[in-house]
Amino acid sequence: MRLSRIVVALAVSLTGSIGVAADPDQAIRNTLKAIDPSMPIEAIAESPMTGLYQVQLQGGRQLYASEDGQFLLQGYLFQVKDGKPVNLTEAAESSGVAKLMDAIPAAEMVVFAGKEPKTHITVFTDTDCGYCQKLHSEVPELNRLGVEVRYLAFPRQGMESEAAKELSNVWCAKDKQAAMDLAKTRQTVADAQCDSPVAKQYALGQSIGISGTPAIVLANGKIIPGYQPAAQLAKIALESK
């Protein structure tokens with residue numbers, strides 16, 4: 001964190017000595033496109049820190065740039081409020097992830113809602129993952145505690161794996177919930193064909209930094225890697241709604 005602060009201060013200082021760009025948005029875009037023409041820039045805006053611009057990339061990721069685009073920074077930006085550091089980068093990234101999750105149609109997920117959901121979690125899952133199976137066995141308890149569970153597919157070994165095929169069978173089944181129950185108890189899921197969203201969901205997971213399963217996204221977009229017991233997970237989920 002100390003090094004990041006030094007680099008930020010240096011970037012801002014040098015920006016002032018070089019001169020202000022007439023169009024910061026275009027200057028920053030030009031720099032980033034020169035580095036990587038395919039860089040998925042979604043928005044550029046002034047950050048809370050004077051002289052520093054915030055670049056939002058696809059998947060919620062954040063970069064920072066000087067006004068003329070000549071200095072770039074990748075790292076966390078903190079703001080001290082009431083004597084406590086607030087991670088502004090993490091908050092912005094979580095907000096971006098939450099918007100991505102909320103944009104996914106319910107029909108493209110496998111949803112276990114329960115009777116009276118108070119909040120939801122989105123779980124990137126694989127059928128042959130032991131901790132995914134353990135988490136699924138606790139879905140009824142999560143539902144009872146007011147947490148809706150929404151599944152997205154994430155075959156850890158890639159789209160050519162047997163798990164990817166099994167996940168497609170789940171997503172193409174007439175009763176996706178029943179098929180998920182079968183898969184998570186290592187029972188055979190019947191072959192099924194449809195316009196499966198598994199590849200799209202796998203790519204989405206990669207774009208937001210998912211590398212293993214289960215990966216749990218809270219309603220506010222914060223990502224929790226790995227299994228959490230139902231009572232503990234419900235508490236965290238309800239606090240983040």
query = Would the stretch 123-134 turn up any residue that is crowded, with 22+ Cβ neighbours inside 10 Å, under 15 Å from Ala106 (Cα atoms) and either out of contact with any strand residue (DSSP E or B) (no Cβ under 9 Å at 6 or more places or on another chain) or in the same structural domain as Ala199 (by TED's automatic domain parsing) (or both)?
reply = yes
task = Please state which of the following conditions Asp82 fails to meet, knowing it meets all the rest: (1) in contact with a strand residue (DSSP E or B) (Cβ under 8 Å, 6 or more places away or on another chain); (2) free of Cβ contacts under 8 Å to residues at least 24 places away in the same chain.
result = (1)
query = If you check Ala153 against the conditions, is it farther than 28 Å from Gly60 by Cα and surrounded by 19 or more Cβ atoms within 10 Å (Cβ to Cβ)?
reply = no
query = Is it true that some residue in the stretch 156-164 is within 26 Å of Gly221 (Cβ to Cβ) and exposed (fewer than 14 other Cβ atoms within 10 Å of the Cβ)?
reply = yes
inquiry  = Please pick out the residue among Gly146, Gly60, Gly83, Gly75 that is within 30 Å of Val189 (Cα to Cα), of a type in the set (Gly, Ala, Ser) and either outside the structural domain of Ser211 (by TED's automatic domain parsing) or at pLDDT 95 or above (or both).
reply    = Gly146
note = Of (1) more than 21 Å from Lys99 (Cβ to Cβ); (2) loosely packed, with under 15 Cβ neighbours inside 10 Å, Lys241 satisfies every one except (1)
key: Residue among Ser207, Ser211 that alone is at pLDDT below 95 and surrounded by fewer than 14 Cβ atoms within 10 Å (Cβ to Cβ)   = Ser211
Members of the stretch 190-203 found to be touching a helix residue (DSSP H, G or I) at 6+ places or on another chain (Cβ under 7 Å) and touching a residue at least 60 places away in the same chain (Cβ under 8 Å), listed by number = Pro197
task = Run down Pro229, Pro225 and say which single residue is farther than 19 Å from Met109 by Cα, modelled with pLDDT under 95 and not hydrophobic (A, V, I, L, M, F, W, C).
result = Pro225
note = So the strands (runs of 3 or more DSSP E) completely within the stretch 26-91 holding 2 or more residues that are under 22 Å from the mean Cα position of the chain (by Cα) and loosely packed, with under 12 Cβ neighbours inside 10 Å are 41-46
task = Write out, first by first residue and then by second, each pair whose Cβ atoms fall under 7 Å of each other, whose residues are 6+ apart or on separate chains, and whose first residue, in the stretch 171-183, is touching a residue at least 40 places away in the same chain (Cβ under 8 Å) and assigned by TED's automatic domain parsing to the domain that holds Val149 while the second is aromatic (Phe, Trp, Tyr) and surrounded by 19 or more Cβ atoms within 10 Å (Cβ to Cβ).
result = Gln177/Phe112; Met180/Tyr151
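The values are calculated or read from the model by the stated rules, or taken from the named source; none is laboratory data. What you are looking at is a predicted structure, and each value in this text was computed from that prediction instead of being measured. With ideal geometry, Cβ positions are generated from the backbone for all residues, glycine too; neighbour counts draw on all protein chains shown.
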